[in-house]
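*Asks:* Structure below; questions to follow.
The values are calculated or read from the model by the stated rules, or taken from the named source; none is laboratory data. Fair warning: this is a prediction, and the values are worked out from it, not measured in the lab. Cβ coordinates were reconstructed from backbone atoms using ideal geometry, including for glycine residues, and neighbour counts include every protein chain displayed. Note: areas computed on protein heavy atoms with side chains; ligands, DNA, RNA excluded. Shrake-Rupley method; radii C 1.70, N 1.55, O 1.52, S 1.80 Å.
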Amino acid sequence: MILERSPRRTGPLVIAVAAAAIGYFTLRPGGGGPEAAIPGDYLASDVILNVILFVPLGIGLALAGLRPRGAAIAGGLTSAVIELAQLWVIPGRYASVHDVITNSSGAALGALLIAHWASRARWWRPLAPWVAGAVIAAWAGGAFLLRPSFPGAHWYAQWAHSFDRTESFRGRVLSVSMQEVPVADGFIEATRTLRERARGADTVRYETTLETGPPTGGRAQIMAVVAGPRGEIASVWEDGVAVVARQRLALSDAGLRTPWIRLERALSPQGNDTVRLEVEVTRRMMRLSAETGTLVRETRLALTPDLFWSAFLPAEYQGGAGRRWWPLVPASLTCVVLGLALGGRPMLLGAAAAAILLAGPLLAGVVFPDAPLIATALAGIAAGARLAPIMGLRKREGPPV
């Protein structure tokens, strides 16, 4: 392998690529809007992504001759500089101490991987069953986190402003209702009634009627139901002439990103139209529609098991027509890991494949995997099984070629 033949030459190249990726994901201005609405709800997603982001840097530093402790220190210093830049220079970004800790941990993990790479076949053998079990548990348990969530004892409605009452939507909100109960801007007196109706219903429905104004050119909140500044229940945003909506799922309760649903060309670019927006959420799908006169547009987002893995994308996932593929990327990577772990045991690997694709939908009641998800999962598992001997994680089968 290249890493074993010329690590000193490979190290600077890996460092350069890792630094470019880190800069791309951390040093760009934040766009505001839905992604920045409730950052506190995304702690687990941020921790995992921060660790993963700095693993390649740790690998490069180790290949260049640094030990794990030195790689952790270098990763921590790099992260501290980034956090200071996000705090003082880069608009729309959030700086935090836990980012420095998780980034340095990722760099240390990458360096440890290289430090013990020569003995990988020995330590991977006892570790592989635990890795496979974690992947299967995440797929099965993740399906339960796709259920709608309604926390908080006191809810507030927000008409065309964020929690700090910053006006941004240039049109006018005429009415908002949840479960056919009108909700005015401000404290919702019927919080308890609404919460009980929502929790006991098969379908949760929000309706918003508005008069459009000139598009803002960016994102502007049209309406939201919140349980405090970090407890958003649902919201609808204008994004140019598109509309994006979000229903809080149990993913947010676990500190993971909840996906959005996006409807293109929902609003007129000229403005001055009366539009009725409807968001409908069940345990199996989300639906977003926009009605302008006799014209009705709508899109749907099926709650398939791979949607759980959208929580680990580097940016929030906005699903809808033509946006099916992004959650398949992290989902396929977990299937590769499953193949690496169980590639030498075909019967066990087949049972694991069935478990990740069927256990969650059967137990949690979400939608069964469709053809693209099944094909992606099986391809990832097969790729992992073939990669295991190539990477030296297990012995090659058959006579040497």
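*Asks:* Along the principal axes of its C-alpha atoms, what lengths does segment 262-341 span, in descending order and rounded to whole Å?
*Replies:* Dimensions of segment 262-341 along the principal axes of its Cα atoms: 57, 26, 16 Å.
*Asks:* Quick one: pull the percent of accessible area on the chain belonging to carbon and sulfur, 1.4 Å probe, ligands and nucleic acids left out. Mind showing how you got there, number by number?
*Replies:* On the way: 12090 of 19160 Å².
Ligands and nucleic acids excluded, carbon and sulfur reach 63 percent.
*Asks:* With springs only between Cα atoms under 10 Å apart, run a GNM on the chain and tell me which of Ala201, Ala108, Ala242 wobbles the most.
*Replies:* Between Ala201, Ala108, Ala242, it is Ala201 that shows the largest mean-square fluctuation.
*Asks:* Taking just the alpha-carbon atoms of segment 95-201, what radius of gyration and Dmax come out, in angstrom?
*Replies:* 24.1, 66
*Asks:* Right, something else. Using the Kirkwood radius over Cα pairs, work out the Stokes-Einstein diffusion coefficient for segment 278-401 at 25 °C and 0.890 mPa s, in µm²/s as a whole number. Could the numbers behind the result be given before it?
*Replies:* Details: Rh = 16.4 Å.
Roughly 150 µm²/s, to the nearest whole number.
*Asks:* Also: What are the ³J(HN,Hα) values, in whole Hz, obtained from phi via the Karplus relation 6.51 cos²θ - 1.76 cosθ + 1.60 with θ = phi - 60°, for each residue of segment 309-317 in sequence order, with x given for Gly and Pro?
*Replies:* 6, 5, 5, 10, 6, x, 9, 5, 7
*Asks:* Another question, if that's okay. Which angle from 0 to 90°, rounded to the nearest 10, does the C-alpha axis of helix 43-63 make with the longest principal axis of the chain?
*Replies:* So the helix axis and the longest Cα principal axis differ by about 30 degrees.
*Asks:* Please list, in chain and number order, the residues 5+ apart from Met285 or on another chain whose amide H is under 5 Å from its amide H, with Hs placed from the backbone.
*Replies:* Sorted by chain and number, the residues that satisfy this are Leu303.
*Asks:* With point charges of +1 on the Cβ of Lys and Arg and -1 on the Cβ of Asp and Glu, referenced to the Cα centre of the chain, which listed residue (Ser252, Ala44, Ala266) lies farthest in the positive direction of the dipole?
*Replies:* Among Ser252, Ala44, Ala266, the one farthest towards the positive end of the dipole of the chain is Ala44.
*Asks:* Under 10 Å, Cα contacts only: if you run a Gaussian network model on the chain, which one of Ile90, Ile59, Ile381 comes out with the highest mean-square fluctuation?
*Replies:* In the Gaussian network model the winner is Ile90.
*Asks:* In sequence order, what are the phi-derived ³J(HN,Hα) couplings for segment 272-284 according to the Karplus relation 6.51 cos²θ - 1.76 cosθ + 1.60 with θ = phi - 60°, rounded to whole Hz, with x for glycine and proline?
*Replies:* Once θ is set to phi - 60°, the couplings for segment 272-284 become 6, 10, 9, 10, 10, 9, 10, 10, 10, 10, 10, 6, 10 Hz.
*Asks:* Among Ala138, Ala371, Ala107, whose mean-square fluctuation peaks in a Gaussian network model of the chain (Cα, cutoff 10 Å)?
*Replies:* So, out of Ala138, Ala371, Ala107, the one fluctuating most is Ala371.
*Asks:* Can you check how the C-alpha radius of gyration of segment 145-283 compares to 2.2 N^0.38 Å, as a plain ratio? Numbers along the way, then the final one.
*Replies:* Values: Rg = 14.3 Å, N = 139, 2.2 N^0.38 = 14.3 Å.
In units of the globular-protein estimate, segment 145-283 measures up at 0.99.
*Asks:* Once every DSSP H run of n ≥ 4 in the chain is given -39500 (n - 2.57) and the sum is divided by its residues, what mean residue ellipticity at 222 nm do you get, rounded to the nearest 500 deg cm²/dmol? Intermediate results must be reported in sequence, preceding the final value.
*Replies:* Working: 11 runs with 178 residues, N = 401.
The helix contribution divided over the chain gives -14500 deg cm²/dmol.
*Asks:* Starting from the amide H of Leu249, placed 1.01 Å from N in the peptide plane, find each other amide H under 5 Å away whose residue is 5 or more places distant or on another chain.
*Replies:* Amide H neighbours of Leu249, under 5 Å, 5+ apart: Ser149.
*Asks:* Oh, and also: Report, to the nearest 10°, how far helix 68-88 tilts away from the longest principal axis of the Cα atoms in the chain, using its own Cα long axis and a range of 0 to 90°.
*Replies:* 20 degrees
*Asks:* Give me the dipole magnitude in Debye, nearest 20, for the chain about the Cα centre, with unit charges on the beta carbon: positive for Lys and Arg, negative for Asp and Glu. Intermediate values should be presented prior to the final figure.
*Replies:* Details: 39 positive and 29 negative charges, 367 e Å.
My answer is approximately 1760 debye.
*Asks:* Can I ask one more? If one takes the longest principal axis of the Cα atoms in the chain, at what angle in degrees, from 0 to 90 and to the nearest 10, does the Cα axis of helix 328-342 lie?
*Replies:* 30 degrees
*Asks:* How big is the equivalent ellipsoid of segment 36-133 along its three axes, where each semi-axis is √(5λ) from the Cα gyration tensor, reported in whole Å from largest to smallest? Intermediate results must be reported in sequence, preceding the final value.
*Replies:* Working: eigenvalues 164, 66, 11 Å².
Over the Cα atoms of segment 36-133, the ellipsoid semi-axes are 29, 18, 7 Å.
*Asks:* Here is a follow-up. Report the semi-axes of the equivalent ellipsoid for the chain in whole Å, largest first, where each axis is √(5λ) for an eigenvalue λ of the Cα gyration tensor.
*Replies:* On the way: eigenvalues 357, 135, 62 Å².
Listed largest to smallest, the semi-axes of the chain are 42, 26, 18 Å.
*Asks:* If you don't mind, there's one more thing I want to ask. Over the chain, what is the relative contact order in whole percent, taking alpha-carbon pairs under 8 Å and six or more residues apart? Walk me through the numbers on the way to the answer.
*Replies:* Values: 809 pairs, mean separation 61.1, N = 401.
Once divided by the residue count of the chain, the mean separation gives 15 percent.
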